[in-house]
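What follows is a set of notes on a single structure, which appears directly below.
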Amino acid sequence: MGVRRKMALRFDLIIFTILLFASPVLSDLILSKVDRRIDLTSQIVENEGSEPVSEVLLAFPDLQVKDLALLKASPHEGKGKVKSLSASLPVENVKPNGMPAALTFYAVKLPKALGKGDSYTFDVLAVFAHALRPFPEKITQADIQLVVFQESAFYLTPYVVKVQSLSVKLPESRIESYTKLENTKIHGSEIKYGPYENLPSFSYSPIVVHFESNQPFAVAQEVVREIEISHWGNVQVTEHYKLVHGGAQNKGEFSRLDYQARPTIRGASAFKYLIAKMPPRVHSVYYRDEIGNISTSNLWGDSKKTELLIEPRYPLFGGWRTAFTIGYGLPLKDFLFELEGNRFLNITFGSPMNELVIDNLIVKVVLPEGSGDISVSAPFPVNQWEETKLSHLDLTGRPVVVLQKTNVVPEHNQFFQVYYKFSKLSMLREPFMLIFGFFSLFVAGIVYMHVDMSISKSSAAYLARLQWDEVQAAIQQVENVINRCLTTHDKLEASLRDLSRTGDVQACKAARKAADGLLKELSKELKLVLSFLQSSSAASQILPKVEELVAKEKDLQEKVMAKHSTVVDCYEKKTGIRDSENRVAAQQQKITALRQEVENLLELIDEI
Amino acid sequence: MAAAAKAGEATLRHAFGNVLSFFILLLIGVLAFSIRLFSVIKYESVIHEFDPYFNYRVTQFLTKNGIYDFWNWFDDRTWYPLGRVIGGTVYPGLTLTAGTIWWLLNSLNIPLSVETVCVFTAPIFSAFASWATYLLTKEVKGAGAGLTAAALLAMVPSYISRSVAGSYDNEAVAIFALIITFYLYIKTLNTGSLFYATLNAIAYFYMVCSWGGYTFIINLIPMHVLLCIVTGRYSSRLYIAYAPLVVLGTLLAALVPVVGFNAVMTSEHFASFLVFIILHVVALVYYIKGILSPKMFKVAVTLVVSVGLVVCCAVIAILVALVASSPTKGWSGRSLSLLDPTYASKYIPIIASVSEHQPPTWPSYFMDINVLAFLVPAGIIACFLPLSDASSFVVLYIVTSVYFSGVMVRLMLVFAPAACIMSGIALSQAFDVFTRSIKFQLLRILGFSEADAGDGSSANVVPENDAVKVDKSEETIKERPSRKNKKKEKEQMEKAQAEKTSAKSKTEKRLLVLPMELSVIGLLLLVFMGAFYVVHCVWAAAEAYSAPSIVLTSYTHEGLHVFDDFREAYAWLRHNTEVDDKVASWWDYGYQTTAMANRTVIVDNNTWNNTHIATVGTAMSSPEKAAWEIFNSLDVKYVLVVFGGLVGYPSDDINKFLWMVRIGGGVFPHIKEPDYLVGLLLLFVETDGKGFDRVRRTEIGKKYFKLTHFEEVRQS
């Protein structure tokens, strides 16, 4: 048993060799040897013992029972192996008749009934929380913390005990005082009572040990662990702690100066950090409280384990409280397994914190949406109920298994299993939902853009707008035609340039012919549209401009044609190029001017 | 055939242009959002500074208790023993925005915490603000300038300083509201659409909800309207842009509890009503002018002017008398200190004591807007070429905001968007000139090589015209039946028009082409300047403005040191004191104490009750016995004192001590400033002092030493 640093009182009770003299009548049962070891280096109480018959009763005072965290009986396997809890004996709470009322009894079922004279040896491990009481109850920052432990020197049992001894192991420090009975010895930090022989049943002799313990008493009043399974490959664990230093209350002022200068003397009773032992390959670890990240933490690890050292925001003195949250992600494949179509999660129950006593632990296992057939197997009794939780993109909510247990000590840090059924297809539900959501958004957008949302189809404004739309369409047509005319003009110009380069008069003429035809068609189109515009009342405003445009364009067209003919003529008549240029120059100027006007008009109409 | 191919190409180019600008805008949004995440990456996702903590707390209350409880919320955790009616004294815009976002996300089953939503509200709204800037500048000077301005605004340090992730303050959403209100005003002015006018009133309402700076809008817009009227630019569009805004806007503003009847009663709003009347008079004059013959009109004018002047004089006299009868002339202290920069230091020390209410220094201009300071004048010139209603508005905007930013460093924030818009215009115009020159020169070079047989002068005219033409034809070819598309088309047409006008000006300004070398150098210089701006902005975002101020860090040779003292103290108070304990501290820490420690405070950053603050100031600056009596009478159990002497944290309580004396002395005359100037340090040591009441004093000592020596925690 290593040195414990937390407020945990350890109470090891080893009961050896029970001899059965008679048939299983309680008073006939004799505990031939009881050897108790109480480890007070910490604050958890453990009883380890061995008893007879088919059933052996263990008695604890009610006062202790409320702090009883763990009670375990196992066959004796020799010294040093008492902690292997693999083959434990069933223990249950019983209320036998005729026993004192202030005691609570637990019955240990033995593997085989003991015959007369048979003996059987087994270990009982009982762990108690909150068994140490600080005394004095209030100390200053500079004081050391003293605690008091009360017990009976004799093992409280309904049976007669032949030989019994008790050893109390204390932390390596000063012992203020202890009850001296006969046969009391002290070896370093261990106090030995006994052996005492032939004690009657229910013998009791109180002892008190008063000693120095600067081991911080970290008590979590409530811890909520939420384990969320994502089949995409992650197990997210979030743990909320409400921590209190359960040691002697701090009184007077806290001086950071003194604390900082001599932390071991001025602040011996404060606790500075906690260490969490986490599984390997843990990732995305965070440590924060409700007002933000807490920067005082440290994470290191190797392939076998990861350790997280966290310091609270301030050193905790006796009676001070704090609350924080840690969270981390674990790889799914390390914790989730498949068994005959069922899946099961295999993960530790308690908090990963070293030496932490938890008054009330709530473990919530959040299973993926759509899982069913949920069952839990836990190595010790827990309260259990189910909830649902709505999280990212859930429709029906995720099933949550809630396990609740009071008085949890590190010994409870055992694996438990949650079995459930989950179909792989359910995993695709959320992606599909997203795809569908965006798809329908876009479809809605497209539909909205293409649907005429007008309420009244016969109102004057609506009709006017329709008419205006038509006019606009017509004007666009006009513009279109004009633009095509302009393109044709450009083609003509281009043909002229070709002509000047190649001298191919025939090609130029052909281009001219094509352009002529095209322009004629265009002017026909134009007429049609213009007649519509003239008939439409809505166009009255814009009509003069359009007409001007058309007229200008016609002018331009003529000019271009004239120019074209002139140039072609020149080439045909083989007059010098210089001469033709002279003749064309005047025309060209007019054309440029007209073209500018036409373009300006086009823009103007566009603006309207 | 060649033309057809070209047309197709141009269609594609046009479509590509639209898609490109859409993606540029998207990227600008991403940029605006992500440049503000430095604080989260370098520190953590946490609420910053002081006021954001209050907003965060209010948002928490809103999300927990709903909107109706929020309006009626009487907060007894603050201003003990007075309390504060939160619902009636906060600008609810920010809180409601974040609350709505949270509610929306949660109803979609996306369980984000309120804190996360609050932290990221500001960056999200910065992205919105840059989009709004695009819209506004586009209305003024076209899409190119809009994109440039949006990009500049996305990373302007002045705005970043108030909108990094975690800076959950009113300004974060208010700047967006401000710009969108201006945009809608300009849009209404340009289109004369009543639809936009209504939207404008709603945007104004949002602004009123969000920030007290809404008075800037309700004064700037009337000024612009007046300017338009004076310069003879009155039009029906101006009427539509302004009249509904005043009527609807004032009605809506009066709905906000914190504004209420102030919307019609304080002098800040007076200008808008005056201009409203003037506008109607002018409208009437124009109407009468339209129906009367010129001769009759002259007669009417003389008649009306003589009568009207008398009436106006009478009305104005009454108004002036009314306004003058109130001591502050109907203006609130903060507004007055804007008009008269010396006002606050004379009369209200509490306003003057806030560092962000001080006038800025020149370096802070360079820090906050950087190269924009040089571009703004160029932008103003560009706005006069040609001067439109819209560009005159932005000119007015920048002129007034320069003045205000000169008075109060905080209002640099209002100036920043104006500077971005102006610089965007300037940059885009400059780019326009340079690239046009280069293009022209290049074309000439290419034209010579290509058309050596033809005439060079027309050769380069043709392709340009071609381009413009096909643009047009491409538009005309498309047939769009529905109204929606028509609208879109119209927008496109407008855009095309802008292009065309630029093309037109191209042909007009062909003679103003710059030489090739000069334009290339100019372009390079502009790019260099832009790069410098970006580098500066990133630096400012990363180094200068990201610190949450509750967590301090410093780099030494040993690495990063984190000082988390404030939260350590608040966490201790939160977990280790009774729920109803009262904590006294200087008012700076009031919001944080209520939000982080969840304890009742005596005074907080709201500073609405000068006397109460003066009481605490007096207690802080009194000898121990007197101080104890004051605190005892206020049921104070803990006193939070910040001392940064050993860590080297400058803004601790000794730094603020003079203000405690000044503010205390403002109300309680027995506190005299000169008395304290000598023995300042001595006095502080005494305040910290050996206990009068042992329990009480121990707590002070606790905090005191904790903060003092936190550095050593890290060093050891």
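Brief remarks follow.
- Only a single item in (1) part of a helix (DSSP H, G or I); (2) among the acidic types (Asp, Glu); (3) in contact (Cβ under 8 Å) with a residue 12 or more places away in the chain is not met by B:Glu44, and it is number (1).
- Within the stretch A:488-514, being closer than 19 Å to A:Asp555 by Cα and surrounded by 21 or more Cβ atoms within 10 Å (Cβ to Cβ) holds for A:Thr488, A:His489, A:Leu492.
- Some residue of the stretch A:553-563 being polar (S, T, N, Q) and at pLDDT 80 or above: yes
- Residue match in the stretch B:95-118 (condition: under 29 Å from B:Val247 (Cα atoms) and either within 14 Å of chain A (Cβ to nearest Cβ) or of a type in the set (Gly, Ala, Ser) (or both)): yes
- Total residues in the stretch B:18-46 satisfying the condition of being within 14 Å of chain A (Cβ to nearest Cβ) and among the hydroxyl-bearing types (Ser, Thr, Tyr): the figure is 3.
- Set side by side, the residues B:Val639, B:Val603 differ, and just one is modelled with pLDDT under 85, of a type in the set (Val, Ile, Thr) and more than 16 Å from B:Pro52 (Cβ to Cβ), which is B:Val639.
- Residue within the stretch A:229-246 that is part of a loop (DSSP other than H, G, I, E, B) and over 30 Å from A:Asn346 (Cα atoms) present: yes
- Exactly one residue out of B:Val208, B:Val230, B:Val305 is without any contact (Cβ under 8 Å) to a residue 24 or more places away in the chain, closer than 29 Å to B:Phe404 by Cβ and not polar (S, T, N, Q), and it is B:Val230.
- Check on A:Val481, farther than 30 Å from A:Lys554 by Cβ and either out of contact with any strand residue (DSSP E or B) (no Cβ under 9 Å at 6 or more places or on another chain) or surrounded by 13 or more Cβ atoms within 10 Å (Cβ to Cβ) (or both): no
- For the stretch B:86-96, the count of residues that are over 17 Å from B:Val256 (Cα atoms) and either small (Gly, Ala, Ser) or assigned to a helix (DSSP H, G or I) (or both) is zero.
- Whichever residue in the stretch A:443-489 is at the interface with chain B (Cβ under 9 Å from one of its Cβ atoms) and basic (Lys, Arg) and, among such residues, is farthest from A:Glu547 (Cα to Cα): A:Arg465
- From B:Trp362, B:Trp331, residue being hydrophobic (A, V, I, L, M, F, W, C) and at pLDDT 70 or above: B:Trp362
- Note on the stretch B:529-554: residues that are within 20 Å of B:His48 (Cβ to Cβ) and either hydroxyl-bearing (Ser, Thr, Tyr) or within 14 Å of another protein chain (Cβ to nearest Cβ) (or both) amount to 10.
- Candidate set from the stretch B:405-433 (those that are under 11 Å from B:Ala382 (Cα atoms) and touching a Ser or Thr at 6+ places or on another chain (Cβ under 7 Å)); member that is surrounded by the fewest Cβ atoms within 10 Å (Cβ to Cβ): B:Ser428
- Taking the criterion of being of a type in the set (A, V, I, L, M, F, W, C), under 25 Å from A:Met353 (Cα atoms) and in contact with a Gly (Cβ under 7 Å, 6 or more places away or on another chain), the only residue of the stretch A:383-421 that qualifies is A:Val408.
- Just one of the listed residues (B:Val85, B:Val90) is under 23 Å from the mean Cα position of the chain (by Cα), at pLDDT below 90 and among the aliphatic types (A, V, I, L, M), and it is B:Val90.
- Picking from residues in the stretch A:490-538 that are outside any helix (DSSP H, G or I) and of a type outside the set (Ser, Thr, Tyr), the one that is farthest from the other protein chains (Cβ to nearest Cβ) is A:Asp504.
- Every residue from the stretch A:227-264 that is of a type in the set (Lys, Arg) and modelled with pLDDT of 80 or more: A:Lys242
- So B:Phe70, is it more than 29 Å from B:Ile160 (Cα to Cα), buried (at least 19 other Cβ atoms within 10 Å of the Cβ) and either more than 14 Å from every other protein chain (Cβ to nearest Cβ) or at pLDDT 85 or above (or both): yes
- Sole exception among (1) surrounded by 23 or more Cβ atoms within 10 Å (Cβ to Cβ); (2) within 17 Å of B:Ala174 (Cβ to Cβ) for B:Ile101, by number: (1)
The values are calculated or read from the model by the stated rules, or taken from the named source; none is laboratory data. Because the structure is predicted, anything quoted here is derived from the model rather than measured. Positions of Cβ are backbone-derived with ideal geometry, glycine not excepted, and every protein chain shown enters the neighbour counts.
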